[in-house]
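> The following block contains the structure, expressed as structure tokens.
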């Protein structure tokens, strides 16, 4: 499925089910929000987003616990869960979507290499997390992460 096809499908499903979504992005820096709002009529389901590029914004705006950041680091399943739950609560939506990762070209380590990305989708009932290890340039990694987030959201609907 192309990105446009996925976005059209999501638009239909979210509108039909009368669900709202919000986004908390780190390594993608607003790219996912931009992709979602490229679709005409997205204001029916897209409420807004937070670009939580720094740990300070993750803590102060979205509500990620300092202990979680300290224990697991900002690129982790635990942090992406708190980002997704936090943005859902703060923006009062049915679903919160979060992305955190290392887009590169620097910043990676042996334990957390460039291309490591975590996606999180939180609803009132459950939370889904997906770990990705993506290859390519910084831009490629960011685009792939957004596309995978859209697929994960589709699966959760």
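The values are calculated or read from the model by the stated rules, or taken from the named source; none is laboratory data. The shown structure was predicted, so the numbers you read here are calculated from the model rather than taken from an experiment. Glycine gets a Cβ as well: all are built from the backbone with ideal geometry, and neighbour counts include every protein chain shown.
> Kindly indicate whether residue 149 is under 30 Å from residue 17 (Cβ atoms) and modelled with pLDDT of 95 or more.
Yes, satisfied.
> Being under 17 Å from residue 28 (Cβ atoms), without any contact (Cβ under 8 Å) to a residue 40 or more places away in the chain and more than 16 Å from the chain's Cα centre (by Cα) is the requirement here; does residue 113 meet it? Write out each step before concluding.
Details: under 17 Å from residue 28 (Cβ atoms): no; without any contact (Cβ under 8 Å) to a residue 40 or more places away in the chain: yes; more than 16 Å from the chain's Cα centre (by Cα): yes.
No: the conditions fail for residue 113.
> Let me ask you something else. So, of the residues in the stretch 13-58 that are assigned to a helix (DSSP H, G or I) and in contact with a helix residue (DSSP H, G or I) (Cβ under 6 Å, 6 or more places away or on another chain), which turns out to be surrounded by the most Cβ atoms within 10 Å (Cβ to Cβ)?
In the first step, residues of the stretch 13-58 are kept if they are assigned to a helix (DSSP H, G or I); the result is 13-17, 31-37, 42-44, 55-58.
Next, from what is left, pick out any that are in contact with a helix residue (DSSP H, G or I) (Cβ under 6 Å, 6 or more places away or on another chain): 15, 31-32, 35-36, 42, 44, 55.
Numbers: 15: 13, 31: 19, 32: 26, 35: 21, 36: 23, 42: 18, 44: 12, 55: 16.
Residue satisfying both the conditions and the ranking: 32.
Residue-wise test of (1) assigned to a loop (DSSP other than H, G, I, E, B); (2) at pLDDT below 95; (3) on the phi < 0 side of the Ramachandran plot; (4) surrounded by 14 or more Cβ atoms within 10 Å (Cβ to Cβ).
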{"site": "106", "(1), (2), (3), (4)": "yes, yes, yes, no"}
{"site": "111", "(1), (2), (3), (4)": "yes, yes, yes, no"}
{"site": "114", "(1), (2), (3), (4)": "yes, no, yes, yes"}
{"site": "118", "(1), (2), (3), (4)": "no, no, yes, yes"}
{"site": "124", "(1), (2), (3), (4)": "yes, yes, yes, no"}
{"site": "128", "(1), (2), (3), (4)": "no, no, yes, yes"}
{"site": "143", "(1), (2), (3), (4)": "no, no, yes, yes"}
{"site": "153", "(1), (2), (3), (4)": "no, no, yes, yes"}
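> May I ask you to verify whether residue 85 is part of a helix (DSSP H, G or I) and closer than 20 Å to residue 149 by Cα?
Values: part of a helix (DSSP H, G or I): yes; closer than 20 Å to residue 149 by Cα: yes.
Here the answer is yes, as residue 85 does meet what is asked.
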